Every structure is written in structure tokens, then in C-alpha cells.
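Taking it in order: structure first as C-alpha cells, then the write-up.
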There are 2 protein chains.
Amino acid sequence: MTNPRADRVRDVAKLAARSARNRRRQFLAEGPQAVREALRLDAERRAEGSSAVVLEVYASPECLRRYPEIAALAEQTGRLRLADDQVLAAMADTVSPQGVLAVCTMLDVPLESVLAAGTRLVAVMCRVQDPGNAGTILRAADSAGADAVVLTAGSVDIYNPKAVRSTAGSLFHVPVVLGADPAQLAADLRGAGVAVLAADGGGRLDLDELQDESAARRMLGESSAEHDGGSVACRLEDPTAWLFGNEAQGLGEEEKALADETVAVPLYGQAESLNVGTAATVCLYASARSQRRGAGSTTG
Amino acid sequence: MTNPRADRVRDVAKLAARSARNRRRQFLAEGPQAVREALRLDAERRAEGSSAVVLEVYASPECLRRYPEIAALAEQTGRLRLADDQVLAAMADTVSPQGVLAVCTMLDVPLESVLAAGTRLVAVMCRVQDPGNAGTILRAADSAGADAVVLTAGSVDIYNPKAVRSTAGSLFHVPVVLGADPAQLAADLRGAGVAVLAADGGGRLDLDELQDESAARRMLGESSAEHDGGSVACRLEDPTAWLFGNEAQGLGEEEKALADETVAVPLYGQAESLNVGTAATVCLYASARSQRRGAGSTTG
């Protein structure tokens, strides 16, 4: 394809708008990292007999030479079309999609499908507005091995091109649930045995104390932490969903009231607060560490 | 001030450019949070008889009514001028500086002044390029109680308006060292008894294992961790400087070679890597926690 004004090019470019994405249930993955992860997931799904993730791939010959894995995966889909840089630029939201983009089907799943799988760690974004923050939190959740990421109603569209970019491919790794109602979500999580913790600067519990208590249980045995007044009702090693709030306002009172506990990331310096992406990272890694470090891993 | 084309307005607006900032050794703090933190530091410095931080404050009457603390602090400087929103918008890099901005003197200090103070935790950005990332890392370093933040030569200008905004006031909390030569820096840190750790996805040591070893030493006593092959040469509770690399390339081989150890943040999911701000947050909080949790804090 060499004509940036072709109908097909315009059709793809329309996916920059949320309305077109929602109508077609499609979104754009731009650049080698996102497209490679989309193609990998697509190959997995096809091998399972599930429906395709990648509907179309557009790539420049240079890009396919440079990334043989992308070329091989894209060829297998039978949906690869060569396009020159002008066409790619006209299709993409980024100034330069680095030679490749893919039209993908939306990936979000209902909450039930996630909870059925024995969930241990969930990240919930409550009305997070910035696409970069949403993408960063999804990427951090993937890094911490979270089983799912949930965005409540009123959150930014995770299929926004900037959000997709910020996930650095993690959108294709972690099941995502969209448009959740917070009260229903909290009830469903609790019903599945998942504790709900609200990350909140003014939280009642201190994340580092919870980590210490968890480590003490692991190293010294269950009893040690219990009889010195540890917060045994809030154990980081147990299945946990973290609520993270809006950038400007944090979590609302109603959202906090839905949680079993409110937990603060300690501030050791003079900073008044943490950016929501930073707070989410610290909380999710604290849970991952408490859940995954097997007993005796440090003491032989 | 009501004339957005006045010479003074243009002079302030010029601080959007690095060349003007460097020539005048001045930069802009925009918005209530940054200006308040600038004014607080300014008041502290004046009380100590040190030189001023805030050279000029421009604020709208509405903003001063809304933020009485800013009004009081700004009045004390004797350098407050009322300005209308048009003037403020013409001065500022942001579309809307929310009614207030301040011209500040640059704050960076020589490395010696930081090391003299018995440093425990330092964040070093090695050629970090994105102003948002640099600001986020500085804010995370402040949150984790770091004693200093260092940017090596070739890093983004921390006085860039976007970087200043991303610090959310932390630029006025933590001493910053600019333009450091990595080799000299590593030598100076080591000379001051500060271990140098490189945060690297392919690092030899695992951050969570280091945290476990540190927790075990704390809870079970020194000996326990030593005789089971723990990495006793790398103790998170000891004074530490973390090196964080460029967004695209990570740390270079030469930079890694300057460190005592390379340390990876574990990836528990399918993510290939962490964003540098996320990695920095996890590393700095791991150090803060190991350094600050006193012996016996959890076991009574």
C-alpha cells in the first residue's frame, strides 16, 4: 500500500477515536513491541482454537527485515499487508509507528472469567484518567504477575493509543476488565475470597508494617506475628485486590468504604503524596513478594 | 500586571528555554504545589541566613485567596506581584499555571556537599531523557527518603518545566547534583562508604532475595543469613546509591561496570522489562524499607 488517502488507510486511522473503537470493537497496536506481543497472543489463541486477536498487520519491508520474529508471526496470520512509511504514518496515532501496526480485536473480559481462575492479585483503577498512568499501572501489574487488571466505569479508555503504548505490550499479557461498578466488583472479589485493599495516603495500615508482618510469618512461623498485635486480618500473602484512585482526588470516600482496609505507602521524605503509578507499583510488588517468596527461601 | 506583552513577562517566559535558564541560573516553578514548596524552602533558607530560593512570585488575587499559605509565604518574601491570568499564561510553559508561578534560583549542589552529610540512599539517573521520568524518579526518591538525587552528564535538564511539574514539589525537598561524571561519581560514593548498585533487568542479584536476606538479618540476627550463602557483600540496609539507566537502552556496559553489583527487579508476569520510573521506585523503596525498619519492629 502506497496511497495514504486510500479508504482502508482512513478506516484504520479512525481507530484513534474512542467512538470508532467501540463501534467496531477494534483498536490499534503501534510499533514493534506492541505488535509482536499482539501476534504472540494471537498465535496462542489460534493454537487453542480461539478467535483471532490480530485482524490486520501493516508493515514496511524494512521493519520485517529488522524484526524476523514479527515477520514470521505476521505471515502465519495470513493478514499481513506491506505498507510504506507514509501509509503507516497516516494510519497511526504516533508520529512514527516504527514501521508496523496492527488492528486488533478488543481483549477485555467479564470479571467472572477472571475470578473463576483462582485469583491471587488484582489491580483496580478507580477513575484513573491519564492514559499514560493507566498504561504504566497495567505494565506494573503485569510485572508483578497480577492475574487481572480492572478499570471502573469513568476511567480512561485503555484502548486509547497512548495508553496502549504505555503498556509496552502488557495489554496482551494480562486479562483486563472494563467499566466495572465498584460496589459490585468489591462484592464479587470478596465472594471469590479476594481481600480488597484501598491504597490511600491517609490509610489506616502501613504497607511496610504489613510486609514486615508477612515476612515474620514466613520466617518465624504463623504464631510469631499473631501474638504481638499484627494486623492478621490483613495479610499480604493472601489473595488481594488493590484499589488505586484518580490522579487528582485519590480514592473517594465511597470507594474506600468498599475496601476491607485502607493501606498507606509510607512517605519517608518530605513528599506529600505519591503519583498513582508509583503507589500502585509499590503496592503490587509488596503483594507479589509476600505471595511468592516461599517459606524458607532465605533461611535455607 | 495586566499586559501580557510587557518586557518582564517576556523575560519570565524565556525561562522555558534551557539556554536562558542556564545563563541566568534561574527556572520556573508553576502551580500552587511547586510554588508552595519553593516558598517553604525559601523561608527555611532565609531563617538560616542563606540566600533566597524564590526571586519573584506572580499570582492572581483569586489564587492568593484560595491558598492562604502561599499568600502568607509570598508576602514575606517581599517579592510578590499580582498578575492576571493572561499574564500568567504568557509567562508559563503550562497552558494554565493555576494562578501562580515563581522564578527560582537553581538549586543543584556539588556532590561533595551531599556526601559530607553521611549519605544513606542516593538515586542516580544515568542519561535519563524523558522529563516526566526524571521528575517521577526524583519524586519517588523524595518519597523513599533519599538523601540526594544525581543526574549524570547527558541527562535531561531537571529544570525543564515538564520535569519540574513531574517532581510535584520534590525538587525543593531533595538535594540534586547535576552533570556528574559516572566514573568520578562511583569513586566518590565508594569513598564515602556508599555501595553502588546498578538496577538492570539482567542483573546478577535479585532484588527480592536481597530484601529477604535483609529481613532475615533483621529478624533472626546477623548470623542466620550469612551461613546460608546470602549475598552478604550486598546488604540493602547499608548506605546505597542506585544507578538507573536510559529509557531505551538501560544502563550501558561501562555504567554497569562502575557498580559493585547489578540487581534485577524480578518480573513475575510476562512483561519483558520495567519502565525506568517503576524500577527506580521499587529499588528505592526496597532500600528505604531495609534501612529504616528497626530491628524488632515486627516481632515486638
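Only one of the numbered conditions (1) modelled with pLDDT under 95; (2) within 24 Å of B:Q291 (Cβ to Cβ) is violated by B:A271, and that is (2).
Residue check: is B:A141 within 14 Å of chain A (Cβ to nearest Cβ) and either among the polar types (S, T, N, Q) or assigned to a helix (DSSP H, G or I) (or both)? Give the derivation first.
On the way: within 14 Å of chain A (Cβ to nearest Cβ): yes; either among the polar types (S, T, N, Q) or assigned to a helix (DSSP H, G or I) (or both): yes.
Here the answer is yes, as B:A141 does meet what is asked.
Looking only at residues of the stretch A:144-160 that are out of contact with any Gly (no Cβ under 6 Å at 6 or more places or on another chain), of a type in the set (A, V, I, L, M) and more than 8 Å from every other protein chain (Cβ to nearest Cβ), we find that the one that is surrounded by the fewest Cβ atoms within 10 Å (Cβ to Cβ) is A:V156.
Inside the stretch A:254-289, can you point out the residues that are in a helix (DSSP H, G or I) and within 8 Å of another protein chain (Cβ to nearest Cβ)? So that I can check it myself, show each step before the final result.
Residues of the stretch A:254-289 in a helix (DSSP H, G or I): A:254-257, A:276-289.
Within the stretch A:254-289, A:G277, A:T278, A:T281, A:V282, A:Y285, A:A288, A:R289 meet the criteria.
The set of residues in the stretch B:69-84 being surrounded by fewer than 17 Cβ atoms within 10 Å (Cβ to Cβ) and part of a helix (DSSP H, G or I) consists of B:E69, B:A72, B:E75, B:Q76.
Determine whether the stretch B:215-232 contains at least one residue that is in contact with a strand residue (DSSP E or B) (Cβ under 9 Å, 6 or more places away or on another chain) and outside any helix (DSSP H, G or I).
Scanning the stretch B:215-232, I find at least one residue that is in contact with a strand residue (DSSP E or B) (Cβ under 9 Å, 6 or more places away or on another chain) and outside any helix (DSSP H, G or I), so the answer is yes.
On the given criteria, is B:A72 modelled with pLDDT of 95 or more and not assigned by TED's automatic domain parsing to the domain that holds B:A168? Here the answer is yes, as B:A72 does meet what is asked.
Filtering the stretch B:233-251 to residues that are crowded, with 18+ Cβ neighbours inside 10 Å and in a loop (DSSP other than H, G, I, E, B) leaves B:C234, B:R235, B:L236, B:E237, B:P239, B:G245, B:L251. Considering the stretch B:274-300, the residues that are among the hydroxyl-bearing types (S, T, Y) and at pLDDT below 90 include one that is nearest to the chain's Cα centre (by Cα), namely B:S297.
Selection of the stretch B:89-143 for residues being surrounded by fewer than 18 Cβ atoms within 10 Å (Cβ to Cβ) and over 26 Å from B:A17 (Cα atoms) yields B:E112, B:S113, B:A116, B:A117, B:G118.
When restricted to residues that are over 13 Å from B:A89 (Cβ atoms) and surrounded by 15 or more Cβ atoms within 10 Å (Cβ to Cβ), the stretch B:7-18 contains 4.
Remark: pairs (first residue in the stretch A:172-193, away from chain B (no Cβ under 14 Å); second residue assigned to a helix (DSSP H, G or I); Cβ separation under 7 Å; 6+ apart in sequence or on different chains) = A:V177/A:L111; A:V177/A:V114; A:A180/A:L111; A:P182/A:E255; A:L185/A:L111; A:D188/A:L111; A:D188/A:L115; A:A192/A:L115.
Which one of A:E37, A:E30, A:E56 is surrounded by 15 or more Cβ atoms within 10 Å (Cβ to Cβ), touching a His at 6+ places or on another chain (Cβ under 8 Å) and outside the structural domain of A:G132 (by TED's automatic domain parsing)?
On the way: A:E30 fails: touching a His at 6+ places or on another chain (Cβ under 8 Å); A:E56 fails: touching a His at 6+ places or on another chain (Cβ under 8 Å).
After ruling out the rest, the residue left standing is A:E37.
The values are calculated or read from the model by the stated rules, or taken from the named source; none is laboratory data. Remember, predicted model here, so these are calculated numbers, not experimental data. Here Cβ is always computed from backbone atoms with ideal geometry, including for glycine, and neighbour counts include all displayed protein chains.
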